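K.L.:
A single structure is presented below for examination.
The numbers here are math on the coordinates, done by the rules we state, and not lab data. What you are looking at is a predicted structure, and each value in this text was computed from that prediction instead of being measured. Note that we place each Cβ from the backbone using ideal geometry, even for glycine, and neighbour counts take in every protein chain shown.
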Amino acid sequence: MSTRAEIGATVRSETEIEDSCIIRTNWGAVDTRSHGDRWFHTGLGGNRRSCCIFDLVQRRSEEIEALLTLYSDQVVVLRSWKLGESDRIVSMYGAQNGKIRAVAKGARKTKSKFGGRIEPISFLNVQIWKGNSELHILNQADSIELFPSTKGDFEKLRKALAIVEVVDELVGESDGDFDIFRLLVRVLGQLEKDDSPFILGAFLWRLLQIQGVAPDLSLCMECGSTEGINYLSPDGSGILCEVHRGGRFIDDEVRHLIEMALGGEVSRLLIFDDLVARVRFEEVAIELVENLIAHRVKALHIDSQY
Ligand SMILES: [Zn+2]
């Protein structure tokens, strides 16, 4: 639905506005931007509030751009989804800016300057116009690595999509953390070279650790015992002994694998060849992540959807 931007008008979130203008509202200044032959109101992206326009300044697009800041970053694309008739919104994790969302204008047009580069898992150099709203504007995107081997292999792609989906779901937009960016780039690079059976589990455990939600496996969280500590507490925050048992049983082998992942001994993990322990090591991590995001990791259940 389109709205004419007029002083006194009430606009709702993600409303399309017919004019190119700067508007000042009851909760701050926002801008509207060219959106093909229409104007898309970017300033309210992500907000579920309505606002009242009390100041309206007609602007040319160059003047609007002058009010925004152009910055460069290296990013991994986490997710993208359709916006309007020809655009996409792209969720990315940047080396400097952490998780960020931006509109890629005209991205779904045949001759788009973005080509097919802004798909999930792509590693890109980007330029982004950043304004004072939550939704920014993707100005340019150049490939650093598009992971062709991963994209051409269903099993690898399923894991890679699970990795970016979990980052998108678990990490907040204000949590810019270079460790997460580095972990993402490393794990996608590793997967591109070689699909190790431990790669997804190792990534998930390390991400939980960076986010500060990995369990302490060194002693029973109830009594401090270090004997028979084989029960992961129901909320996944720690380990329990035989006396205080509850939650999920994890045998010594799996506990040892998790300790290796959390201790940064990933190279030792990657050569470990106990299939049963490997599956459980990954399953427990997925279970913890799914508890935290309160739903299933979609990419891991693609098989069951068809
Ligand atoms: Zn205990």
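K.L.:
Would you mind computing, in nm to one decimal, how far apart the modelled labels at Arg186 and Gln127 are, each placed 7 Å from Cα along Cα→Cβ?
P.N.:
In this crude label model, Arg186 to Gln127 measures out at 3.2 nm.
K.L.:
Which ³J(HN,Hα) values, rounded to whole Hz and listed in residue order, are derived for the stretch 283-294 from phi using the Karplus coefficients 6.51, -1.76 and 1.60 in 6.51 cos²θ - 1.76 cosθ + 1.60 with θ = phi - 60°, glycine and proline given as x?
P.N.:
4, 5, 5, 4, 4, 4, 4, 5, 5, 5, 8, 6
K.L.:
May I ask for the net charge around Ser218, where only other residues with Cβ less than 11 Å from the Cβ of Ser218 are counted and Lys, Arg are +1 while Asp, Glu are -1?
P.N.:
-1
K.L.:
Using a/c under 1.5 as the rounded threshold, could you call the stretch 75-216 rounded, prolate or oblate? The axes a ≥ b ≥ c are square roots of the C-alpha gyration tensor eigenvalues, and prolate needs a/b larger than b/c, oblate otherwise.
P.N.:
Note, shape of the stretch 75-216 comes out oblate.
K.L.:
Ok, one more. Using the Karplus equation 6.51 cos²θ - 1.76 cosθ + 1.60 (θ = phi - 60°), what ³J(HN,Hα) coupling, rounded to whole Hz, does each residue of the stretch 153-166 give in order, writing x for Gly and Pro?
P.N.:
Whole-Hz 3J(HN,Hα) from phi for the stretch 153-166: 10, 4, 5, 5, 5, 4, 5, 4, 5, 5, 4, 6, 5, 5.
K.L.:
If you don't mind, another one. Would you mind checking which residues have amide H under 5 Å from Arg248's amide H? H placed 1.01 Å from N; only 5 or more apart, or other chain.
P.N.:
Correct list: Leu232.
K.L.:
Using 0.36 nm times the number of residues separating Asp194 and Cys223, minus their current alpha carbon distance, what extension gain do you get?
P.N.:
Gain in length upon complete extension: 6.2 nm.
K.L.:
Run the quick spin-label model on His295 and Ser149: label points 7 Å from Cα toward the beta carbon, then report their separation in nm to one decimal.
P.N.:
It works out to 3.4 nm between the two label points.
K.L.:
Same structure again: Would you work out which of Ile293, Leu219, Val243 lies farthest towards the positive end of the dipole of the stretch 196-305? Charges go on Cβ: Lys and Arg +1, Asp and Glu -1.
P.N.:
The listed residue farthest towards the positive side: Ile293.
K.L.:
Something else now. If we count every other residue with Cβ under 14 angstrom of Val164's Cβ, Lys/Arg +1 and Asp/Glu -1, where does the sum land?
P.N.:
+3
K.L.:
Between Asp251 and Glu173, how many nm apart are label points set 7 Å from Cα along the C-beta direction?
P.N.:
Reported label-point gap for Asp251 and Glu173 is 4.6 nm.
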